[in-house]
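The values are calculated or read from the model by the stated rules, or taken from the named source; none is laboratory data. What you see is a predicted model, and the numbers here were worked out from it, not measured in a lab. In this analysis, Cβ positions are derived from the backbone assuming ideal geometry, glycine residues included, and neighbour counts consider all displayed protein chains.
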């Protein structure tokens, strides 16, 4: 494995095919990216077609060895604008993080934690659609990185920079213009189709003037030369197009539209294919191109010829390494305006095709989701279309419709049900497929997608699916912190499951209700629900579910401070987990058992339980579990006043947290070490620990924790003052 492949990244290489020129911008980016004194934020701006993304890709590849902790490229998904969710989703996909599993208000801290004290490059492409709130979060992240002591950078790409971003990057901003004449000659040698190259080189100055040196404009003009044959004929046609300015440059959007219409006029399959490819969010695989986008348009040979023609005319890009086709963004913007001409049948086909890929998230283990992630944009578009379809049928928002189902009948749709049953099944199936994905990754549109699926399930008479979708709406609301509202949805789902004796689904609903009520400090009611969940699971004979039921009971008793019953339930879970040989479940059960024993002040037994948990977490390489055990072992040693042992465990956790880049865990462990040092009478060391913890919390703007650490520092200073003055304590 080469060093570059060992570095996690999602950089493509297709943008760099035939890359030429830009030596000065590349050198500037190299200096900024590698200079320890450079600010963390850099920016590239400029008109569409100037090659901003290509330049950023080239700079990232040139400096990839400098960013040993990874290079992450983020673009918008589906038909959406840029969203902060796209950043955390891409970090999860590339780095294996779990940022999408934390609430939205923690995303900024999560992103910062992935950049803090690391060598990592985060590239954010096309920020123009970001909200003011998202931009503020980005500004805060960049501001904190100034003091991080690491070498991470954020490279921002946009046509026009937001004033706050412009102020942050200062002089580290490239306003990218067109290529100069010499660079245009280089590009012509490298990217101009061979048949048009002699003509292009003879008229290179005119080409440069008409294009403004913009690489994409030049490539579109090369393609047009293939069709017009002579520069004179092409220039006559260009004279009719809107100009960019008095210098004769043709506007990019007008040139792209002309190139599409010209090619489609004499290559009849190109127009329909391009119109379909508008729905290819993030591109289309070669397989999808054959099976979906080209379907009914011609033979395999005709597809190959059409594709070659589109690539030569710079209307699409071919990525042979990832085996994908991507429409040029400026071409896509033009095509979006005419895509409605295809009608709903094409949107339906697209959604139906990508449903089977959405279902792959259910079939694959989490660590293999990266195999499906390149298709998230297409899945996102499919889910949006089916939700739109449901809302058009009833003329009301999906969430509003499904909310009213308990108190009123669903009104008749605008089309008879037999005519739309296939679309309703599609909406229901998207909701069900994405419910599992959403449990782990929480995409912003999920409530609408689940609600549309729920409306469709109700219209189709699918009670089990309706209940399951209602329960998953509750789960998403729980994740967002709307726990009381979540309880209402979960109870609605439970009633449906109970009425139809759906025992497996009842077990899930009881468990979710117990968890929600425990959060709401209704611990006794929560315990009742966990017992009901246990009774349901006991009927099913599912041993793994039985372990979870016992663990939930143990946790519920722990919350009620009934530690003896908690130990009893955890031991029952442990016996089954040991029989299954399920290491992670065994480790979690031993850890929970240790917490209950520690609460009972059975410290030696708690210590043994934590050591057992540690052993099983280590077998699985579960770093978070190992860290938890280190901390718990430190806690129990501290409680027994075995201070040197406590210090040893906390130091191991400190080193592991630093290796994981878990800076908030590290701050908490520094706080614990401060207390150990206090007990040991080492005031200077204790002060250093609390100071380090305070600075870490401060870097992440956690004011409450900063204040707590400062109180400890003041307390230590008050103890040191009498010593310094010679007063006998």
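Only residues that are surrounded by fewer than 17 Cβ atoms within 10 Å (Cβ to Cβ) and touching a helix residue (DSSP H, G or I) at 6+ places or on another chain (Cβ under 6 Å) were counted across the range 463-489, and they come to 2. Counting residues in the range 53-71 that are over 19 Å from residue 152 (Cβ atoms) and within 23 Å of the chain's Cα centre (by Cα) gives one or more.
Just one of the numbered conditions (1) part of a helix (DSSP H, G or I); (2) touching a helix residue (DSSP H, G or I) at 6+ places or on another chain (Cβ under 8 Å) is not true of residue 711: (2). Candidates in the range 79-115 are the residues that are within 13 Å of the chain's Cα centre (by Cα) and outside any helix (DSSP H, G or I); of these, the one that is modelled with the lowest pLDDT is 82.
Matching residues to (1) crowded, with 20+ Cβ neighbours inside 10 Å; (2) more than 28 Å from residue 382 (Cβ to Cβ):
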{"position": "225", "(1), (2)": "yes, yes"}
{"position": "257", "(1), (2)": "yes, no"}
{"position": "265", "(1), (2)": "no, yes"}
{"position": "271", "(1), (2)": "no, no"}
{"position": "275", "(1), (2)": "yes, no"}
{"position": "286", "(1), (2)": "no, no"}
{"position": "303", "(1), (2)": "no, no"}
{"position": "308", "(1), (2)": "no, yes"}
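Restricting 163, 193, 198 to those that are modelled with pLDDT of 85 or more and within 38 Å of the chain's Cα centre (by Cα) reduces the list to 163. Taking the range 288-301 as the range and being buried (at least 18 other Cβ atoms within 10 Å of the Cβ) and in a helix (DSSP H, G or I) as the test, the residues that pass are 288, 289, 292, 293.
Taking the criterion of being in a loop (DSSP other than H, G, I, E, B) and touching a helix residue (DSSP H, G or I) at 6+ places or on another chain (Cβ under 7 Å), the residues of the range 13-38 that qualify are 18, 19, 20, 21, 22, 38.
Does residue 528 satisfy the criteria of being over 36 Å from the mean Cα position of the chain (by Cα) and over 29 Å from residue 455 (Cβ atoms)? In short, yes. Taken across the range 518-527, residues that are under 23 Å from residue 502 (Cα atoms) and touching a residue at least 24 places away in the same chain (Cβ under 8 Å) do occur, with at least one present.
Out of 380, 436, one residue alone is at pLDDT below 95 and either assigned by TED's automatic domain parsing to the domain that holds residue 104 or under 20 Å from residue 493 (Cα atoms) (or both). It is 436.
The condition of being part of a helix (DSSP H, G or I) and free of Cβ contacts under 8 Å to residues at least 60 places away in the same chain holds for only one of 333, 348, 396, 368, that being 368. With respect to residue 492, is the statement that it is surrounded by fewer than 23 Cβ atoms within 10 Å (Cβ to Cβ) and out of contact with any helix residue (DSSP H, G or I) (no Cβ under 6 Å at 6 or more places or on another chain) true? No. Quick check on residue 404: is it without any contact (Cβ under 8 Å) to a residue 40 or more places away in the chain and either in contact with a strand residue (DSSP E or B) (Cβ under 6 Å, 6 or more places away or on another chain) or assigned by TED's automatic domain parsing to the domain that holds residue 471 (or both)? Against the criterion (without any contact (Cβ under 8 Å) to a residue 40 or more places away in the chain and either in contact with a strand residue (DSSP E or B) (Cβ under 6 Å, 6 or more places away or on another chain) or assigned by TED's automatic domain parsing to the domain that holds residue 471 (or both)), residue 404 qualifies.
Screening residue 433 on (1) part of a helix (DSSP H, G or I); (2) farther than 30 Å from residue 369 by Cα shows it passes everything except condition (2). When residue 444 is tested against (1) part of a helix (DSSP H, G or I); (2) closer than 24 Å to residue 430 by Cβ, only condition (1) is not met.
Is it true that residue 206 is part of a helix (DSSP H, G or I) and either closer than 24 Å to residue 20 by Cβ or assigned by TED's automatic domain parsing to the domain that holds residue 267 (or both)? When the stated conditions are applied, residue 206 passes them.
Any residue in the range 563-585 that is closer than 23 Å to residue 538 by Cβ, at pLDDT 95 or above and outside any helix (DSSP H, G or I)? No: zero hits.
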